[in-house]
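The values are calculated or read from the model by the stated rules, or taken from the named source; none is laboratory data. Everything numeric in this text was worked out from a predicted model, so none of it was measured. As a convention, Cβ positions derive from the backbone with ideal geometry for all residues, glycine included, and neighbour counts pool all protein chains shown.
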Amino acid sequence: MAMTIEAVLEGILFVFGDEGASLAQLSDAVNLPSETVKEILDDMANTYKDEKRGFELSVFNNSYKFISKPFVREYIQRILTLSKTRTLSQSALETLAIIAYKQPVTRIEIEEIRGVGCDMMLKKLMAQDLVREAGRAESAGRPILYEITNEFLDLFKLISLDELPHLPQYEETQMSEQQLFE
Amino acid sequence: MAMTIEAVLEGILFVFGDEGASLAQLSDAVNLPSETVKEILDDMANTYKDEKRGFELSVFNNSYKFISKPFVREYIQRILTLSKTRTLSQSALETLAIIAYKQPVTRIEIEEIRGVGCDMMLKKLMAQDLVREAGRAESAGRPILYEITNEFLDLFKLISLDELPHLPQYEETQMSEQQLFE
Amino acid sequence: MSFTVNSTVFEGPLDLMLHLIKEKKLDLFALDVDVLIDQYIAFVHTMEKMHLEVASEFLVELASLTEYKSRKCLPRDESNLDAEEYQKDTREELVRRLIEYQKFKEVTETLQIRFEERSMQIAKPIDREVLRMAEEENLNFLQADSYDLIKAMKRCLQRFHTVSNTEVRITQRELSIDQRTNQLRSIIEHLPEPFSFSDLTADCLEVHLVIVTFLAVLDMLRIQELIFTIEDDEIWFRRSGYDGYDD
């Protein structure tokens, strides 16, 4: 049967489903340098943007997987009850945001910013595989450091942490506006 | 987002994976007569024959599903053999998880939840001392019951099974209670 | 003073303060700390009067703000600049914390949108074929923690959930033995021989379907499409090579 590298990569990613595959695994499988494979995957990702396609290629931290396009969900719900989508509380989101921007970060540092204890919350986020331990800080008591996981990147559609929206820097800008109008 | 009926059908079939969907379900979902949907699917089936595609549309008994093209299998095998991935142990983990959460449990019960046979897997897990037999069920045929071992607890750094993270359903209710009282 | 919100909606004292700043139209960047502190103290006291349970974080903050206020009321000792320093530091520190927290709250809104978008999108479960292939591989490297376990369990349940929903529709239509026989023929096509009865009922989630499957298998044995052997308490089937059709 005639086939191309694209077809092989598409086939692998299709079969692996929610497990996804890493760039390293994919290049091993097709025996090509990872740069080449990455280029092919980038091109593929573009072709899935076509309006005739029902799924797309999601990329995070050099891992790839196919996910359905957002509009598909409501059609599926007409024929099958989907399990409720995961929800994250405001406190969970805040804690995740702080870890993502400050990582690796200790519990105390998170609590200082939020102004509330977050021991339970950290445990919960770890159980959900959104946060993991990342060694210990050098400071007194050698507290545990936390960082976010690939699962986090996937859940927020981030290719990498560099993609996080910039933290607002309003001290300077707003301040100067303020001064202007004073 | 722009989309076509093809995209919706492709998306649904993608999510259903190896379960597939019947023509009746698909027509229900897109709210079109089954003849129309069948025509669209036939056209789609043709486009997947392209050498750039890694999977194709299989039709059986008015049931449709995507399956990877035959040449993909050897690449999958290569990934499984080459890289010691999480996927490799996925099977083992699923089987262990079901036993740990539902023990004592019969093979049939495990297979019902996993949807895959696990005769071989059980033998392997027993050979590794992670699972052991725990008598027989009272039900018809008196099937063998399985439970996890102390080695299992060791491997997962658990003191007892009570320490296992809560199952998602429980977590859901806990989360909402949590939100209420936070 | 009337409050339309209760304490449970606030993530903590800083969150409450940001709410008060917004509600009282104070300017976060040129903050009149004294007004904010009065508002905060009043709010927490009202919560207590209404016998609402006030989380300890709110009270800790209340204590330090009250201290700040009372020190300010003390007659000023001209020779001692410490008091003034203390007030300035406390004020600056409070504003700094509020601004820092506000930044994260703002960014959380963006994350929330991304999260909602992504949660509309579904990945397909891993192919059972891969799980089957993986089963052949060795397990010696099995390395995992309890979180891996719950992830595995979740995955199973999710798949189980999808299957049970599709199956419900099928069973509602009351599969006939003939229909099930046809289904079995396609199932058997993908099964390595010999296969067991449980392999044939792997997709059955209702007793009814198991019984229909059993009857269908009996029928397939009768027309010699399948042959069977018994080993280790398990009935094993093979295809006979005969296609089972009468004509």
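Only one of the numbered conditions (1) more than 9 Å from chain B (Cβ to nearest Cβ); (2) under 19 Å from C:ALA123 (Cβ atoms) is not met by A:ALA21, and that is (1).
Taking the conditions exactly as written (among the aromatic types (Phe, Trp, Tyr) and touching a residue at least 12 places away in the same chain (Cβ under 8 Å)), does A:TYR64 satisfy them or not? Yes; evaluated as a whole, the condition is true for this residue.
How many residues are touching a residue at least 24 places away in the same chain (Cβ under 8 Å) and over 22 Å from C:ASP203 (Cβ atoms) if we restrict to the range B:102-132?
6
Residues in the range A:41-85 that are more than 7 Å from chain B (Cβ to nearest Cβ) and hydroxyl-bearing (Ser, Thr, Tyr): A:THR47, A:TYR48, A:SER58, A:SER63, A:TYR64, A:THR81, A:SER83, A:THR85.
For the range B:32-46, taking the residues that are surrounded by 13 or more Cβ atoms within 10 Å (Cβ to Cβ) and of a type outside the set (Gly, Ala, Ser), the one that is farthest from A:LEU9 (Cα to Cα) is identified as B:LEU32.
Residue count for the range B:116-137 satisfying the condition of being at pLDDT 85 or above, farther than 24 Å from C:LYS154 by Cβ and either of a type in the set (D, E, K, R) or assigned to a strand (DSSP E or B) (or both): 5. Out of A:ILE99, A:ILE113, one residue alone is facing another protein chain (nearest Cβ under 7 Å), assigned to a helix (DSSP H, G or I), among the aliphatic types (A, V, I, L, M) and in contact with an Asp or Glu (Cβ under 8 Å, 6 or more places away or on another chain). It is A:ILE113. Within the range C:37-56, the set of residues being within 14 Å of chain A (Cβ to nearest Cβ) and part of a helix (DSSP H, G or I) comprises C:TYR40, C:VAL44, C:SER56. The criterion of being within 11 Å of chain B (Cβ to nearest Cβ), within 20 Å of B:TYR75 (Cα to Cα) and modelled with pLDDT under 95 holds for A:THR4.
Residues that are closer than 21 Å to B:LEU9 by Cβ and at pLDDT below 95: does the range A:21-31 have at least one? No: zero hits.
What do you reckon, is B:ALA29 surrounded by 17 or more Cβ atoms within 10 Å (Cβ to Cβ) and in contact with a helix residue (DSSP H, G or I) (Cβ under 9 Å, 6 or more places away or on another chain)?
Judged against the criteria, B:ALA29 is a match.
Summed over the range A:110-138, residues that are of a type in the set (Gly, Ala, Ser), closer than 18 Å to A:LEU88 by Cβ and touching a Gly at 6+ places or on another chain (Cβ under 6 Å) total 0.
Give just the number: which of (1) farther than 30 Å from B:GLU6 by Cα; (2) facing another protein chain (nearest Cβ under 7 Å); (3) in contact with a strand residue (DSSP E or B) (Cβ under 7 Å, 6 or more places away or on another chain) does A:LEU88 not satisfy? Every condition holds for A:LEU88 apart from (3).
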